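All remarks here apply to the structure that follows.
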Amino acid sequence: MGKTVARLMSSRELLNVFLGNPYIPVSVFKIDLNMQNSRLKLWEDAVRENSGGEKFVVFFSVLSALMTYTRARAMEAAGADADTDTRVLVMDNPFGPISSEHLLNPLFEIARKHRTQLICLSDLKQNSIMNCFNLIYMLKVRTSAIGSNEYLKFEEIIRDVNVVQNDERLEKAVFRASDVKQISLFDGM
């Protein structure tokens, strides 16, 4: 009985009752290198048939739209101007499946339209990816000249100084690592 009540009171089921429809079709745009092959597809078909990079753009566009909608409703409820709010999305290596300009350009255009700043952690250095960012910090592990200690060196690349604002710049980053000592599991027994 408890499981039935929980299922009937789930957020999804309540939304279905409110909308009067348990199935809401979602169509997404398939972006193809050849524009003649670009078209609207059902969500289910896109998830099944699209390449990894195409899926990433589809998932990103849906996530971005949902973030924008949710944030706008929250801002309106608080009495703030929903047309001026911004978002930040931190992504860990999002460019694994996507490095082609025909997919990167729509991805960054979607982010721009939704006023979403992208902070992307990646080790890829292709020009198609690097050219999408105005401010890039590259961290490199270096070995010190004396001994075998390692340290982080960072390199800053600014493509357009007029676009980068002062509050976006990294003022100071200090990473200190203490000496690591391996202890035996059986010490002190």
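Quick notes on this structure:
- Sites counted here are trypsin sites (Lys or Arg not before Pro) in a DSSP loop (not H, G, I, E or B) having no more than 12 other Cβ atoms within 10 Å; the longest part of the chain that contains none of them is 1-124.
- Largest accessible area first, the listed residues Phe18, Phe154, Phe133 line up as Phe18, Phe154, Phe133 when surface is computed with a 1.4 Å probe on the assembled protein chains.
- For the set Lys30/Lys125; Lys30/Lys113; Lys113/Lys140; Lys3/Lys41; Lys55/Lys153, the pairs lying more than 28 angstrom apart at their alpha carbons are Lys113/Lys140; Lys3/Lys41; Lys55/Lys153.
- For Tyr151 and Thr4, a Förster radius of 45 Å and the Cβ-Cβ distance give a FRET efficiency of 0.15, rounded to the nearest 0.05.
- When segment 1-121 is described by a simple charge dipole with +1 on each Lys and Arg Cβ and -1 on each Asp and Glu Cβ, the residue from Val57, Val17, Val47 located farthest towards its positive end is Val17.
- The magnitude of the dipole of the chain, with charges of +1 and -1 set on the Cβ of Lys/Arg and Asp/Glu and taken from the Cα centre, is near 320 debye.
- The DSSP beta bridges internal to the chain are antiparallel in roughly 70% of cases.
- The share of accessible area on the chain that comes from carbon and sulfur is 56 percent, using a 1.4 angstrom probe.
- Degrees, to the nearest 10: 101-113 long Cα axis against longest axis of the chain: 80
- Positive minus negative residues near Arg87 (Lys, Arg vs Asp, Glu; Cβ under 12 Å): +3
- Which labelled figure in (i) 120; (ii) 202; (iii) 296 is volume of the Cα convex hull per residue in Å³, once derived from the coordinates: (iii)
- Applying 1/(1 + (r/R0)^6) with R0 = 22 Å to the Cβ-Cβ distance of Val163 and Met91 gives a FRET efficiency near 0.60.
- Whole-Hz couplings from phi, Karplus 6.51/-1.76/1.60, listed for segment 114-121; x for Gly and Pro: 8, 6, 10, 7, 9, 10, 10, 9
- The chain: calculated mean residue ellipticity at 222 nm from DSSP helix runs of at least 4, using -39500 (n - 2.57): -10500 deg cm²/dmol
- Taking all protein chains into account, the per residue accessible area for the chain stands at 77 Å² (1.4 Å probe).
- Given their separation in residues at 0.36 nm each and the Cα-Cα distance between them, Val17 and Met35 gain 2.5 nm when the chain is fully extended.
- Other residues with beta-carbon under 13 Å from the beta-carbon of Ser99 carry, at +1 per Lys or Arg and -1 per Asp or Glu, a net charge of -2.
- Relative contact order, percent, the chain [alpha-carbon distance under 8 Å, six or more residues apart]: 13
The values are calculated or read from the model by the stated rules, or taken from the named source; none is laboratory data. Computed from a prediction, not measured in an experiment: that's the story for all the values here. Cβ atoms come from the backbone with ideal geometry, glycine included; neighbour counts cover every protein chain shown. Just so you know, the surface numbers come from the protein's heavy atoms only, side chains and all, with ligands and any DNA or RNA stripped out. Shrake-Rupley method; radii C 1.70, N 1.55, O 1.52, S 1.80 Å.
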